[in-house]
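The values are calculated or read from the model by the stated rules, or taken from the named source; none is laboratory data. Please read these numbers as outputs of a predicted model, since none were measured by experiment. Neighbour counts run over all protein chains shown; Cβ positions are idealised from the backbone, glycine included. Only protein heavy atoms, including side chains, enter the accessible area calculation; ligands, DNA and RNA are left aside. Shrake-Rupley method; radii C 1.70, N 1.55, O 1.52, S 1.80 Å.
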Amino acid sequence: MKDIDKIIEKYFDGDTSLAEEKMLRNYFLQADIEERHRVYAPMFNFFAEERKETTETKPKKAKKRFSLYAWSSIAACILLLAVMRLAYMTPENVNDQSMVYIDGKRISDVHIINNQALISIENISDVDEDVLNSQIGILNSFTE
(Lines give C-alpha, C1' and ligand atoms only; values in the text may rest on other atoms or scores of the structure.)
Protein backbone atom coordinates (compact mmCIF):
# COMPACT_ATOMS: atom_id res chain seq x y z
CA MET A 1 0.00 0.00 0.00
CA LYS A 2 3.04 2.22 -0.05
CA ASP A 3 2.34 2.66 -3.77
CA ILE A 4 -1.13 4.04 -3.01
CA ASP A 5 0.36 6.54 -0.55
CA LYS A 6 2.82 7.72 -3.20
CA ILE A 7 0.10 7.92 -5.86
CA ILE A 8 -2.20 9.89 -3.50
CA GLU A 9 0.64 12.30 -2.80
CA LYS A 10 1.32 12.65 -6.55
CA TYR A 11 -2.44 13.12 -7.15
CA PHE A 12 -2.62 16.11 -4.80
CA ASP A 13 0.53 17.54 -6.39
CA GLY A 14 -1.10 17.15 -9.82
CA ASP A 15 1.55 14.80 -11.16
CA THR A 16 -0.42 11.58 -11.67
CA SER A 17 -0.92 9.92 -15.01
CA LEU A 18 -4.28 8.67 -16.25
CA ALA A 19 -3.35 5.10 -15.39
CA GLU A 20 -2.45 6.09 -11.82
CA GLU A 21 -5.74 7.98 -11.41
CA LYS A 22 -7.59 4.91 -12.62
CA MET A 23 -5.73 2.84 -10.00
CA LEU A 24 -6.85 5.31 -7.33
CA ARG A 25 -10.49 5.16 -8.45
CA ASN A 26 -10.44 1.36 -8.48
CA TYR A 27 -8.77 1.28 -5.04
CA PHE A 28 -11.38 3.54 -3.48
CA LEU A 29 -14.24 1.53 -5.01
CA GLN A 30 -13.09 -1.54 -3.05
CA ALA A 31 -14.57 -2.46 0.31
CA ASP A 32 -11.23 -3.04 2.08
CA ILE A 33 -9.64 0.40 2.23
CA GLU A 34 -7.04 1.14 4.88
CA GLU A 35 -8.22 3.30 7.73
CA ARG A 36 -5.86 6.19 6.92
CA HIS A 37 -7.21 6.30 3.34
CA ARG A 38 -10.92 6.32 4.26
CA VAL A 39 -10.79 10.10 4.46
CA TYR A 40 -10.22 10.28 0.70
CA ALA A 41 -12.84 7.67 -0.25
CA PRO A 42 -15.84 10.04 -0.45
CA MET A 43 -13.90 12.38 -2.71
CA PHE A 44 -12.88 9.67 -5.17
CA ASN A 45 -16.32 8.04 -5.06
CA PHE A 46 -17.87 11.43 -5.78
CA PHE A 47 -15.61 11.85 -8.80
CA ALA A 48 -16.60 8.38 -10.02
CA GLU A 49 -20.33 9.22 -9.63
CA GLU A 50 -19.91 12.53 -11.40
CA ARG A 51 -18.09 10.84 -14.23
CA LYS A 52 -20.96 8.38 -14.68
CA GLU A 53 -23.51 11.20 -14.72
CA THR A 54 -21.63 13.24 -17.29
CA THR A 55 -21.23 10.26 -19.60
CA GLU A 56 -24.91 9.35 -19.26
CA THR A 57 -26.23 12.82 -20.08
CA LYS A 58 -26.37 13.70 -23.73
CA PRO A 59 -25.40 17.17 -24.88
CA LYS A 60 -28.22 19.28 -26.23
CA LYS A 61 -28.26 19.70 -29.95
CA ALA A 62 -27.99 23.19 -31.36
CA LYS A 63 -29.01 21.91 -34.77
CA LYS A 64 -32.55 23.24 -34.51
CA ARG A 65 -31.26 26.69 -33.76
CA PHE A 66 -28.89 26.60 -36.73
CA SER A 67 -31.62 25.22 -38.93
CA LEU A 68 -33.98 28.01 -37.92
CA TYR A 69 -31.24 30.55 -38.57
CA ALA A 70 -30.47 29.08 -41.99
CA TRP A 71 -34.12 29.00 -43.06
CA SER A 72 -34.63 32.56 -41.82
CA SER A 73 -31.66 33.72 -43.90
CA ILE A 74 -32.98 32.00 -47.01
CA ALA A 75 -36.45 33.48 -46.54
CA ALA A 76 -34.98 36.96 -46.03
CA CYS A 77 -32.94 36.69 -49.25
CA ILE A 78 -35.96 35.56 -51.25
CA LEU A 79 -38.04 38.39 -49.82
CA LEU A 80 -35.31 40.91 -50.63
CA LEU A 81 -35.08 39.69 -54.23
CA ALA A 82 -38.87 39.86 -54.64
CA VAL A 83 -38.99 43.42 -53.28
CA MET A 84 -36.13 44.53 -55.54
CA ARG A 85 -37.83 42.93 -58.55
CA LEU A 86 -41.09 44.73 -57.82
CA ALA A 87 -39.34 48.03 -57.16
CA TYR A 88 -37.51 48.08 -60.48
CA MET A 89 -40.29 46.53 -62.53
CA THR A 90 -42.58 49.52 -63.02
CA PRO A 91 -45.55 49.42 -65.44
CA GLU A 92 -43.83 51.76 -67.89
CA ASN A 93 -40.82 49.43 -68.11
CA VAL A 94 -42.92 46.29 -68.57
CA ASN A 95 -44.87 47.37 -71.67
CA ASP A 96 -42.03 49.07 -73.55
CA GLN A 97 -40.26 46.93 -76.08
CA SER A 98 -38.16 49.69 -77.65
CA MET A 99 -36.69 52.65 -75.84
CA VAL A 100 -33.94 55.17 -76.53
CA TYR A 101 -32.62 58.33 -74.96
CA ILE A 102 -32.21 61.23 -77.36
CA ASP A 103 -30.82 64.48 -75.95
CA GLY A 104 -31.52 63.20 -72.42
CA LYS A 105 -35.19 62.44 -73.11
CA ARG A 106 -36.62 58.95 -72.91
CA ILE A 107 -38.46 57.99 -76.08
CA SER A 108 -40.43 54.76 -76.35
CA ASP A 109 -42.58 55.41 -79.41
CA VAL A 110 -41.38 53.11 -82.20
CA HIS A 111 -42.24 55.60 -84.98
CA ILE A 112 -40.28 58.44 -83.39
CA ILE A 113 -37.35 56.10 -82.79
CA ASN A 114 -37.46 54.95 -86.41
CA ASN A 115 -37.58 58.54 -87.72
CA GLN A 116 -34.68 59.62 -85.50
CA ALA A 117 -32.63 56.63 -86.64
CA LEU A 118 -33.31 57.43 -90.31
CA ILE A 119 -32.26 61.03 -89.75
CA SER A 120 -29.04 59.85 -88.08
CA ILE A 121 -28.28 57.45 -90.92
CA GLU A 122 -28.88 60.12 -93.56
CA ASN A 123 -26.49 62.48 -91.76
CA ILE A 124 -23.64 60.05 -92.20
CA SER A 125 -21.76 61.05 -95.32
CA ASP A 126 -19.03 58.39 -95.35
CA VAL A 127 -21.40 55.44 -95.61
CA ASP A 128 -21.64 53.37 -98.74
CA GLU A 129 -25.08 53.37 -100.44
CA ASP A 130 -25.51 49.58 -99.96
CA VAL A 131 -24.81 49.84 -96.22
CA LEU A 132 -27.26 52.74 -95.93
CA ASN A 133 -30.02 50.81 -97.74
CA SER A 134 -29.46 47.69 -95.60
CA GLN A 135 -29.74 49.75 -92.39
CA ILE A 136 -32.91 51.46 -93.61
CA GLY A 137 -34.35 48.05 -94.51
CA ILE A 138 -33.61 46.76 -91.02
CA LEU A 139 -35.33 49.78 -89.46
CA ASN A 140 -38.35 49.38 -91.70
CA SER A 141 -38.69 45.75 -90.63
CA PHE A 142 -39.33 46.91 -87.03
CA THR A 143 -42.28 49.08 -87.98
CA GLU A 144 -44.04 46.45 -90.05
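Here are a few things to note about the model shown:
- Spin-label pair ASP32/CYS77, simplified geometry with 7 Å Cα→Cβ offset, distance in nm: 7.0 nm
- Note, ³J(HN,Hα) from phi for region 70-79, Karplus 6.51, -1.76, 1.60, rounded to Hz, x at Gly and Pro: 5, 5, 5, 5, 5, 5, 5, 5, 5, 4
- For GLU129, the solvent-accessible surface with a 1.4 Å probe is about 110 Å², rounded to the nearest 10.
- Extension gain, TYR69-LEU132: 0.36 nm per intervening residue step, less the Cα-Cα distance, totals 16.5 nm.
- Around ASP13: net Lys/Arg minus Asp/Glu count, Cβ-Cβ under 15 Å: -3
- Label-to-label distance, nm, for residues given as LEU139 and VAL110 (7 Å Cα→Cβ offset): 1.6 nm
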